[in-house]
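No lab work stands behind these numbers, since they all come straight from the coordinates. Given the structure is predicted, the values throughout are model-derived calculations rather than measurements. Glycine also receives a Cβ, built like all others from the backbone with ideal geometry; neighbour counts cover every protein chain displayed.
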Amino acid sequence: MNLSVDDKDTSLADLDRLAQIAQDVVARARRSGASAADAAASIDTGLAVGVRLGEVETVERTRDRAVSVTVYFGQRKGSATTADLDPASIGQTVEHACAIARHTEPDPANGLADPALLASTIPDLDLWHPWDLTPAQAIALGVEIEAAGRAQDARISNSDGASVQSGGSLTAYANSDGFIGCERATHHSVSVALIAEDDAGMQRDYWYDSVRRAADFASPSSIGIKAAQRTLARLGAQRLSTRQCPVLFAPEAARSLIGHFLSAASGGALYRRASFLVDQLGQRLFPPWLQLVERPHIPRGLGSTAFDAEGVATRDSDLVRDGVLARYILGSYSARKLGLQSTGNAGGVQNIVLEPGADDLPALLRRMGSGLLVTELMGQGVSLITGDYSRGASGFWVEQGELAYPVEEITIAGNLRDMYANLVAVGSDVDPRSHILTGSLLLERMTIAGE
Amino acid sequence: MSDLIRTAERQLLTPGGLATRDLDRVFASLMGPAIDAADLYFQHSRSEAWVLEDGIVKDGSHSIEQGVGVRALSGEKAGFAYSDEIVLPALLEAAGAARAIAHAGANGVGKPLAIAPARALYPPVDPIDTLSNEAKIAVLREVDAYCRAADPRVQQVIVSLAATLDTVLIAHSDGTLAADVRPLVRLNVQVIAEADGRRESGSSGGGGRYGLDELLAGGRAREFAREAVRSALVNLEAVPAPAGTMTVVLGPGWPGVLLHEAIGHGFEGDFNRKGTSAFAGMLGEAVAARGVTVVDDGALPGRRGSLSIDDEGTPTRRTVLVEDGVMKGVMQDKLNARLMRAQPTGNGRRESFAHLPMPRMTNTYMLPGAHDPGEIIASVGRGLYAVNFGGGQVDITNGKFTFSASEAYLIENGRITRPVKGATLIGAGAEVLKRVSMIGNDLKLDEGVGVCGKDGQSVPVGVGQPTLRIDSMTVGGTA
């Protein structure tokens with residue numbers, strides 16, 4: 001079985017076979033005594049090319065297959081995976097899962113999703129756009145992107161290279177309540193990282209694009225030029241003295257602030273009481289203008305899916321309404337642990353949209369006046385259990401609404417609860433390259449540690 | 001070693017009707033005038049994990065992965081393909097895709113394969129079978145019971161026990177034929193403690209390349225449990241960390257993540273060959289204070305970061321990176337060593353058969369100095385004493401790195417006073433190590449928990465160091 005982006009598209013026939021495998025695994029688990037079972041079968045294939053300084057560096061062909069099964073013996077659970085789709089290996093995998101379930105202990109929250117929540121129709125989300133790309137074409141595209149960036153300025157002295165990737169994934173999920181669902185999706189990306197040098201040393205930055213359909217890519221030269229501009233802008237970076245000041249997160253950095261919120265609002269962290277959002281349902285966490293919505297069915301969306309990892313139908317739904325936490329992010333297990341219902345988030349969130357504001361980045365800079373614009377964050381330093389936040393940052397010092405000079409080797413710190421409550425504005429400059437869609441975020445005040 | 005080859009052949013080649021001699025045919029289709037080198041990496045990996053939470057063993061999982069990665073090298077170029085079926089037609093197809101990196105030419109041959117000599121740093125045991133399932137579960141329950149009994153503020157205990165066995169067979173066109181059977185085990189304990197509406201967590205764990213029986217011998221599980229509880233309770237008392245530049249004392253062991261980020265990545269061969277590391281071209285120059293000696297040593301028996309041979313079949317060894325403050329060496333795989341006219345150092349590693357190898361760290365640590373740790377603390381008027389860390393990150397081009405403390409204390413007038421909340425520390429690699437002014441006599445390696453990520457590939461690593469005084473470093477607190 002082979003899915004190829006440059007051969008004939010056999011994805012529908014392959015999906016049928018994956019669906020058959022998933023259903024066979026479930027049936028086999030039931031014959032082995034499981035009272036309930038579910039299974040997923042998948043194939044991911046792709047081509048990845050790396051070029052550097054105008055020459056190809058790597059050409060990689062990828063193909064990954066996997067079958068996973070979870071069995072329930074009453075409220076006891078076991079799971080197993082294999083990369084070998086051979087029937088004998090699949091049989092052993094089911095037996096491994098059953099052997100484990102003989103040793104685990106009953107957990108009342110275990111089990112398949114509520115059948116009433118399962119997806120009954122599967123809308124076409126326009127996610128399948130194979131890219132007819134040969135290695136030679138991928139190399140030429142990478143070379144073009146890198147060359148556009150290197151041509152920008154003589155101070156671009158070196159390159160970490162450009163990459164071009166194209167891939168497709170086919171997934172089938174079945175459970176013993178009779179659900180079977182298949183999805184196919186393509187994902188293509190390009191990126192380039194450049195190095196600039198002056199008397200003070202070297203700086204590196206990058207830019208990328210990420211799409212479902214190759215026609216949606218930004219132009220190759222614009223990606224190279226953007227990487228070059230970002231890299232050059234970092235030359236001569238200074239440190240700041242330790243202070244408190246307003247902080248504006250550029251969209252590519254703002255995304256992570258929303259990501260921390262999503263992690264803290266997720267069932268796994270909540271039922272373990274390992275989140276600062278425990279018992280916060282219905283509480284005002286953000287300013288009243290803030291609206292955060294999950295929209296799983298955006299055509300060609302990077303996080304779009306018709307059903308979650310348990311077959312539960314996904315649907316548009318508010319996460320934060322007028323600044324108030326409207327719901328948690330739950331799969332069946334965490335929902336039962338919390339006495340709630342699944343929100344169709346087994347396996348994670350789909351597209352998350354922070355409703356954009358009216359101001360673009362220059363307007364937000366003017367609104368901030370003096371403060372820090374963060375374009376890159378480094379390290380971990382985020383505790384979801386307390387909300388304490390301390391990360392390395394680089395970006396620009398802003399004076400009177402204008403970029404004054406690049407800054408690096410500083411940290412920014414605060415507590416996420418305060419940071420969310422004291423958000424001043426969200427920008428109109430939404431970054432489309434992620435399943436988290438947000439513009440810039442302006443925060444009233446954080447602690448900067450530096451010299 | 002030939003026993004290992006036989007074991008690996010039986011596991012990896014025999015089921016698909018292959019033998020080592022068939023690999024010559026694959027090399028014949030891989031090699032050509034424009035191909036400098038090629039290799040085959042066969043891998044079978046079996047893992048098992050058990051999880052206890054809410055006082056019950058609620059989940060367990062088992063997984064099997066296997067396949068072969070085929071790489072052809074031409075100058076700086078690498079063609080790569082892999083297959084999860086280890087049969088001759090799949091191998092030849094992958095070889096065809098990999099060699100497309102260089103223009104087609106007449107078929108050549110590699111050197112005849114010969115078994116490479118190596119010493120085994122760990123026993124070829126399947127760690128999953130070194131303990132019965134009943135015994136594994138008993139350990140999880142014992143750790144849970146110990147943590148809950150230790151303090152009434154303990155509200156949640158999550159314990160996981162994981163074991164993996166990797167069997168690899170490596171054939172390289174330079175004639176290398178090598179095999180390795182690699183056990184890896186790990187126990188992890190996370191505790192959530194709650195008091196007066198405040199919640200904090202603490203975690204601990206460790207492992208290495210041996211069986212579960214060895215991991216659990218000598219009460220080590222109970223030590224991890226005690227440590228996780230202690231750390232959670234300390235954090236319940238923590239006050240906001242200071243913000244600004246100050247003297248920092250790092251405890252021994254895992255805080256060696258400093259070395260991994262501050263210099264380790266910048267000393268990897270690929271970044272030095274490409275000139276993208278802040279340390280490129282600095283061999284022989286001072287990069288740290290006098291007295292600082294840092295090594296990468298993949299040949300320590302049984303350690304998590306150790307390998308008898310790397311993933312290109314090169315025996316691992318001890319490489320001196322910094323000696324008495326001077327940059328001495330770079331970590332190499334075969335590709336970068338050839339292009340830099342250097343020797344491979346046994347640092348060619350890959351996450352799996354489905355990934356390309358590259359220079360990676362193994363166990364990276366600083367050798368001990370002369371100072372008593374108590375004397376180092378006593379020397380500090382006001383500063384931070386950081387004893388445990390989460391992870392770190394580095395920008396190898398400008399050398400800026402971060403690492404995030406998860407347990408730290410204020411030092412006031414030479415004494416450890418109050419615990420402070422976690423905070424990120426930031427600095428520049430080449431500058432921070434020049435500010436090391438005291439090196440302790442208490443070298444310790446970490447317990448065996450490290451995972452290093454690079455270009456999307458994760459590999460197990462180790463770190464270590466003695467207590468260190470750094471005269472100034474930026475601490476990212478709020479107070």
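Based only on Cα atoms, what mean projected area does the convex hull of chain A have, in nm²?
The orientation-averaged projected area of the Cα hull of chain A comes to 22.4 nm².
How do B:Ile5, A:Ile180, A:Ile223 line up, fewest other C-beta atoms within 10 Å first?
A:Ile180, B:Ile5, A:Ile223
Take the alpha-carbon centre of segment A:129-144, take the same for segment B:244-305, and report the distance between them in whole Å.
For segment A:129-144 versus segment B:244-305, the Cα centre distance is 38 Å.
Beyond 27 Å between alpha-carbons counts as too far, so tell me which of B:Lys274/B:Lys328; B:Lys334/B:Lys454; B:Lys421/B:Lys444; B:Lys274/B:Lys400; B:Lys77/B:Lys400 fall in that bin.
Distance filter (> 27 Å) returns B:Lys77/B:Lys400.
Taking the Cα-to-Cβ direction at B:Arg415 and at A:Gln20 and moving 7 Å from each Cα, how far apart do the two end points lie in nm?
Once both label points are built, they end up 7.7 nm from each other.
Taking N as the number of residues in segment A:11-232, what value does Rg over Cα atoms divided by 2.2 N^0.38 Å take?
So the Cα radius of gyration is 1.36 times the expected 2.2 N^0.38 Å.
For segment A:62-104, what size does the Cα cloud have along each of its three principal axes, sorted from largest down, in whole Å?
Result for segment A:62-104: principal-axis Cα extents of 37, 19, 12 Å.
Please report the net charge: other residues with Cβ closer than 9 Å to the Cβ of B:Pro124, K and R +1, D and E -1.
Value of the local net charge: -2.
Full extension from A:Ala218 to A:Ser89: what is 0.36 nm times the residue separation minus their Cα-Cα distance, to one decimal in nm?
Extra length from A:Ala218 to A:Ser89 when fully extended: 42.1 nm.
Can you bin segment B:365-479 into rounded, prolate or oblate? Criterion: square roots of the alpha carbon gyration tensor eigenvalues sorted a ≥ b ≥ c, rounded for a/c under 1.5, prolate for a/b above b/c, oblate for the rest.
prolate
Work out from phi, with θ = phi - 60° and the Karplus expression 6.51 cos²θ - 1.76 cosθ + 1.60, the ³J(HN,Hα) of each residue of segment A:60-66, listed in order in whole Hz, and give x for Gly and Pro.
Each residue's phi maps through the Karplus curve to give 10, 9, 10, 7, 10, 10, 7 Hz.
Apply the Karplus parameterisation 6.51 cos²θ - 1.76 cosθ + 1.60, with θ equal to phi minus 60°, to every residue of segment B:119-134 and state each ³J(HN,Hα) to the nearest whole Hz, in sequence, with x for glycine and proline.
Whole-Hz 3J(HN,Hα) from phi for segment B:119-134: 10, 8, 9, 7, x, x, 8, 7, x, 5, 8, 7, 8, 6, 4, 4.
Taking only Cα atoms of the protein assembly as shown, what ratio of Rg to Rh do you get with Rh as the Kirkwood inverse-distance radius?
We get a ratio of 0.94 for the protein assembly as shown.
Rounded to the nearest 500 deg cm²/dmol, what is the calculated helix-only ellipticity per residue at 222 nm for the protein assembly as shown, with -39500 (n - 2.57) per DSSP H run of length n ≥ 4?
Helices in the protein assembly as shown give a 222 nm mean residue ellipticity of -6000 deg cm²/dmol.
Along Cα→Cβ, 7 Å out, is where each label goes; now give me the distance between the ones at A:Gln244 and B:Asp54 in nm to one decimal.
It works out to 4.1 nm between the two label points.
Counting other C-beta atoms within 10 Å, which of B:Glu407, A:Glu146, B:Glu312, B:Glu134 has the fewest, and how do the rest follow?
B:Glu134, B:Glu407, B:Glu312, A:Glu146
Assuming a ≥ b ≥ c are the square roots of the Cα gyration tensor eigenvalues, decide whether chain B counts as rounded (a/c under 1.5), prolate (otherwise, with a/b larger than b/c) or oblate.
oblate
For B:Ile86, B:Ile56, A:Ile195, what's the fewest-to-most ordering of other Cβ within 10 Å of each Cβ?
Placing the least packed residue first, the sequence is B:Ile56, A:Ile195, B:Ile86.
Could you work out the local net charge near B:Gly448, counting Lys and Arg as +1, Asp and Glu as -1, over the other residues with Cβ closer than 11 Å to its Cβ?
For residues surrounding B:Gly448, the net value is +3.
What ³J(HN,Hα) values, in whole Hz, does the Karplus curve 6.51 cos²θ - 1.76 cosθ + 1.60 give for segment B:295-306 when θ = phi - 60°, with x put for Gly and Pro?
For segment B:295-306, the Karplus curve yields 10, 10, 9, x, 9, 7, x, x, 6, 4, x, 7 Hz.
Roughly how many nanometres apart are two label points built 7 Å out from the Cα toward the Cβ at B:Arg341 and A:Ala358?
With each label placed 7 Å out from Cα toward Cβ, I get 6.7 nm.
Hey, what does the equivalent ellipsoid look like for segment A:237-451, semi-axes from the Cα gyration tensor as sqrt of 5 times each eigenvalue, largest first, whole Å?
Equivalent-ellipsoid dimensions as semi-axes: 31, 19, 14 Å.
For A:Leu12 and A:Asp114 in one chain, what is 0.36 nm times their gap in residues minus the Cα-Cα distance, to one decimal in nm?
33.9 nm
Round to the nearest 0.05 the FRET efficiency obtained for B:Glu375 and B:Arg318 when R0 = 25 Å and r is the Cβ-Cβ distance.
Rounded to the nearest 0.05, the efficiency is 0.30.
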